[in-house]
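Read-outs throughout are calculated quantities, based only on the coordinates presented, and are distinct from any laboratory measurement. Being a predicted model, the structure only gives us computed values, none of them experimental. Cβ placement follows ideal geometry from the backbone for every residue including glycine, while neighbour counts extend to all protein chains displayed.
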Amino acid sequence: MLPHIIGVAGWSGSGKTTLITKLIPMLIARQLTVSTIKHAHLGFDIDLPGKDSYEHRSAGATEVLVTSARRWALVHELRGAPEPDLRQLLATLRPVDLVIIEGFKRTTPVEIEVHRSSLGKPLICLDNPAVVAVVSDMPVALPSTIANLALDDLETIADVALTRAVPIAQLFFEENER
């Protein structure tokens, strides 16, 4: 399988992260490798003041790589440079079967929307043609071209994610065609 991508979109509090954390083990059980990219709207830190890596970054290092026997993390400070786009971020990942992208509304070519009626927010799919399915806590009125999935039907959601995901190469090809 070539590396593929699928986005998960939705309003804050809709359950995007919860859905993704339930899907990942299911996809791994299907013998797939999975990575994720999560967009944070505001600045964020993965280390704390007083830690060596934080101090290196605070001192002005452009990149700080922290490693141990269990994991490694690379922090890249933009220092005023523009935020990288999705293509640039995907290029930094090691190859996997599927990359799940959370929080890049209107940037990911294919998305599954997570919708909770209790939030009182409009459906994103109504003005975003990238949405191919809506996962909701209750059935919602949708165009016939968009799948309507129950939030607890994880097997079907995983199936839709895999069948509708697009090759990463397609994202790069489409951008070059513009």
Which whole number of Å³ per residue matches the convex hull of the alpha-carbon atoms in the range 1-105?
138
With only helices counted (DSSP H, runs n ≥ 4, each -39500 (n - 2.57)), the per-residue ellipticity at 222 nm for the chain, to the nearest 500, works out to -8000 deg cm²/dmol
Residue by residue through the range 69-84, the couplings from Karplus 6.51 cos²θ - 1.76 cosθ + 1.60 with θ = phi - 60°, in Hz, x for Gly and Pro, are 5, 9, 6, 9, 9, 10, 10, 10, 7, 6, 6, x, 6, x, 4, x
Most mobile of Ile157, Ile46, Ile146 per a Gaussian network model of the chain (Cα springs, under 10 Å)?
Ile46
If each K or R counts +1 and each D or E counts -1, the residues other than Ala130 whose Cβ falls under 9 Å of its Cβ total +1
Cα centroid distance between the range 84-135 and the range 1-79, in Å?
16
Relative intensity, log₁₀ I(q)/I(0), of the range 50-116 from a Debye sum that treats every alpha carbon as a point, q = 0.12, 0.23, 0.24 Å⁻¹:
-0.49, -1.11, -1.14
Report, by chain and number, residues whose modeled amide H sits under 5 Å from the one on Ile37, excluding near sequence neighbours (fewer than 5 apart, same chain).
Ile100, Ile101, Glu102
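Report Rg/Rh for the range 78-121, rounded to two decimals, where Rg is the Cα radius of gyration and Rh the Kirkwood radius.
1.08
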Cα-based Lys proximity count in the chain, under 30 Å, for pairs eight or more positions apart or on separate chains
10
Could you state the per residue volume, in Å³, of the convex hull enclosing the Cα atoms of the chain?
151
